[in-house]
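Asks: Sending over a structure as structure tokens; questions will come in a sec.
Since every read-out is calculated from the coordinates, none of them should be taken as a lab result. Given the structure is predicted, the values throughout are model-derived calculations rather than measurements. Cβ: placed from backbone, ideal geometry, glycine included. Neighbour counts: every protein chain shown.
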């Protein structure tokens, strides 16, 4: 006949049961808190990375995403889970009141996330960020191309070239008299595409306003706007003669994407330092795409641009790795319109059109027509 458990053994069993219940309740409490307290998820993620490392946290994030997805399917919820550990305070799909803005259907179809377990349910979805009287002008897409690294991100901004035009702003290093956006264009600017805050010393060629500002290097990638007003990105021999007024070209270190294919020999290794700007064009030439990549390799950045719809793309040269895109509301009056940057750098706080000259040679987008 079995003997009743001794008192110490009974206490141990009770302790194990209580500990198990406590752990389950703690998990449930954290799960609920993460879904209702916006800052808690990113804070727990940072603490976990500091203690356990990125590999372990990547596994935990995938497991949490899979569990959340399974719960949604169990209850018939037809939407991707949110990765609350990586959501910023203001998400890509939130408007000024904090309410979610549905993606517009007047622009290219949203491609969806690049990985199976994205870090946000908005990954791979286009959202308007600049509106006009005849519909959205500028859209933004966020992609996390590496399922193990939450900090690896590529933000792509798209412009409708039927209603917009890309222009060149020579930096102070090339044109001390101008060194920025032409005064007559400042009221039309809807975005600045900044390769960095400081001018690069690589010496790639630039030509604008009917003159060659810096002689071209052989074999470099070229972004150009020719006499037919079409925007092109690729490898072409740069003419020795100065461009016609209104036309321009600039060289970049490399074309990362050509005719939908990655450049042969493109770097697949370690992520580059800082943020880098990529400029691309869709296959039909009707969309301009500007991507700002952080903590990814050159090849991964090119894949993200292709995923967003680019057919050809070039990586801009940078003197400091502080690339950014600043968008402006076209309905605001005057030339001193304060913009909103993809990355809220202190150096860009209060950035407005027509203020201080731009140090590095940059690109800007203007609204065409009325």
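Asks: Given 25 °C and 0.890 mPa s, compute D for the range 210-280 with the Stokes-Einstein relation, Rh being the Kirkwood radius over Cα pairs; round to the nearest whole µm²/s.
Replies: Answer, rounded: 178 µm²/s.
Asks: Still on this model: Can you tell me which of 153-161, 208-216, 22-30, 67-75 comes out highest on packing, and rank the rest after it, using the mean Cβ neighbours within 10 Å?
Replies: Ranked from most to least packed, the peptides come out as 153-161, 208-216, 67-75, 22-30.
Asks: Taking 0.36 nm per intervening residue step and subtracting the Cα-Cα distance, what contour gain separates residue 11 from residue 116 on full extension?
Replies: Full-extension gain reported as 33.2 nm.
Asks: Sort 344, 294 so the one with the fewest other Cβ atoms within 10 Å of its own Cβ comes first.
Replies: 344, 294
Asks: Further question on the same structure: Could you calculate the FRET efficiency of residue 331 with residue 109 from 1/(1 + (r/R0)^6), where r is the beta carbon distance between them and R0 is 25 Å, rounded to 0.05?
Replies: Computed FRET efficiency for residue 331 and residue 109 comes out at 0.35.
Asks: Separate question: Once a ≥ b ≥ c are taken as the square roots of the eigenvalues of the Cα gyration tensor of the range 127-367, is the result rounded (a/c under 1.5), prolate (a/b larger than b/c) or oblate (a/b not larger than b/c)?
Replies: Verdict is rounded for the range 127-367.
Asks: Which FRET efficiency, nearest 0.05, do residue 163 and residue 28 yield, Cβ-Cβ r, R0 51 Å?
Replies: Once rounded, the FRET efficiency stands at 0.50.
Asks: In nm, to one decimal, how far is the residue 71 label point from the residue 229 one, both placed 7 Å along Cα→Cβ?
Replies: Going by the 7 Å Cα→Cβ label model, 5.3 nm.
Asks: In whole angstrom, how far apart do the alpha carbon centroids of the range 304-331 and the range 191-216 sit?
Replies: When both Cα centres are located, 15 Å separates them.
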